[in-house]
Amino acid sequence: MEKRDYYEVLSVSKSASIEEIKSAYRKSALKYHPDRNSGNKDAEEKFKEASEAYEVLSNSEKRSTYDRFGHAGLSGQGFHGFSDVNDIFTNFSSIFEEFFGFGGGPFSAGRSNRSGSRARRGADLQYDLQIEFEEAVFGAEREIEFERAMLCPTCKGTKSKPGSSSTPCKTCAGFGQIRQSQGFFSIQTTCPSCYGEGTVIKDPCKECRGRGITMEKKTLSIKVPPGVDTGLRLRVSGEGEPGMNNGPAGDLYVVLHVKESEEYIREGSDLILLQQLNIAQAALGCQLKIKTLEKEEIVKIPPGTQHGYIHTIRGGGVQKLKGIGRGDLHIRFELVVPKKLTKEQKDLLERFLEISRENDDQGFFKKMFF
């Protein structure tokens, strides 16, 4: 199903301020909140849709990407919205607190899963990789090294010292949240004792100091496909930070930065090569050896070639990432006029000018004065 425009979802203009966006989301959150529309799947989808729109439009970086590239741009950066309503409550605890005056967390009725046992996906990571022009054209295999979090090898992510264990939080009875009620809303705020974990660590692991994670250096071999360009992101599944409570790991996104070529100008999958010609070559025609990506080719220059003339070699460009085949190589010829002449060259050109005057049918040379 095609996603609606985020500005349309919240009924705001593209120039709307953050306060206008927040106000529009507050109205939608009240109207479509699941506690007001029990069992209404359509209202729940609209609640998720409005929350996704607010998540993007309230974030300056995401909003800028969306304004320039639409939904596809956000998807390319790894943003796919919310998987369920619980994700919304978790991510927007502060905004709901501001809306409804409850401290510490999300509001939700009838959601009593133990927060401490809920699986959470690990964070995505980004690595910027600079590659040579030739590597972008032909493809390459590069080794990268980066630092990331990993589950503590000593406590295996439990945060407790080996041999000891965590105990259920007495404040929230292990649920990670405390339920409050106001009107038709049933509000769950994050437990102030365990901070939503549902458990309390009595004897923290010394290796990770009770965090459950440590840092490691990771080395990976990355395959760069032929035809890539600056800004392309390569996704390496599962190589991000680890998930918590047996949740899946995040992904690693390798962002490519291609160095410019000293010979070619690249326009998508096409290449442009600038080739100089002198007066005689352009007037009389000639054959030149032209260096393409793979080899040298003989290109025939017709007599009377003008400045800016383009000769195209089909399939001489870069491999197309989307589609079949390669782009073209366009050779653009530039006429170069010498700044200094020998006496012999000057005499020959003057003789050329004299003959041209004698055969000046269109009166071009009559306008010239010396």
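The values are calculated or read from the model by the stated rules, or taken from the named source; none is laboratory data. Since this is a predicted model, take the numbers as computed values, not measurements. When we count neighbours, we look across all protein chains shown, and the Cβ atoms used for this are built from the backbone with ideal geometry, even at glycine.
Structure above, values below:
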read-out	value
Filter pass, residue 214 being under 30 Å from residue 256 (Cβ atoms), at pLDDT 85 or above and of a type in the set (Ser, Thr, Tyr)	yes
Filter pass, residue 296 being under 46 Å from the mean Cα position of the chain (by Cα) and not assigned by TED's automatic domain parsing to the domain that holds residue 226	yes
Some residue of the stretch 285-294 being outside any helix (DSSP H, G or I) and in contact with a Gly (Cβ under 6 Å, 6 or more places away or on another chain)	yes
The stretch 9-41, residues that are of a type in the set (Val, Ile, Thr) and not in a loop (DSSP other than H, G, I, E, B)	9, 18, 21
Verdict on residue 331 being farther than 30 Å from residue 124 by Cα and either modelled with pLDDT under 95 or of a type in the set (Ser, Thr, Tyr) (or both)	no
Contacts under 7 angstrom Cβ, first residue in the stretch 16-35 being within 11 Å of residue 54 (Cβ to Cβ), partner in a loop (DSSP other than H, G, I, E, B) and at pLDDT 90 or above, 6 or more apart	21/12; 24/11; 24/12
Residue within the stretch 107-122 that is surrounded by fewer than 16 Cβ atoms within 10 Å (Cβ to Cβ), at pLDDT 60 or above and out of contact with any helix residue (DSSP H, G or I) (no Cβ under 6 Å at 6 or more places or on another chain) present	yes
Only listed residue being surrounded by 11 or more Cβ atoms within 10 Å (Cβ to Cβ), within 30 Å of residue 229 (Cβ to Cβ) and small (Gly, Ala, Ser), chosen from 323, 327	327
Test: residue in the stretch 146-160 that is under 30 Å from residue 318 (Cβ atoms), assigned by TED's automatic domain parsing to the domain that holds residue 256 and part of a helix (DSSP H, G or I)	no
Candidate set: the stretch 65-96, residues that are among the hydrophobic types (A, V, I, L, M, F, W, C) and at pLDDT 75 or above; chosen: the one nearest to the chain's Cα centre (by Cα)	74
Residue 275, sole failed condition from (1) under 23 Å from residue 74 (Cα atoms); (2) in contact (Cβ under 8 Å) with a residue 24 or more places away in the chain; (3) polar (S, T, N, Q)	(1)
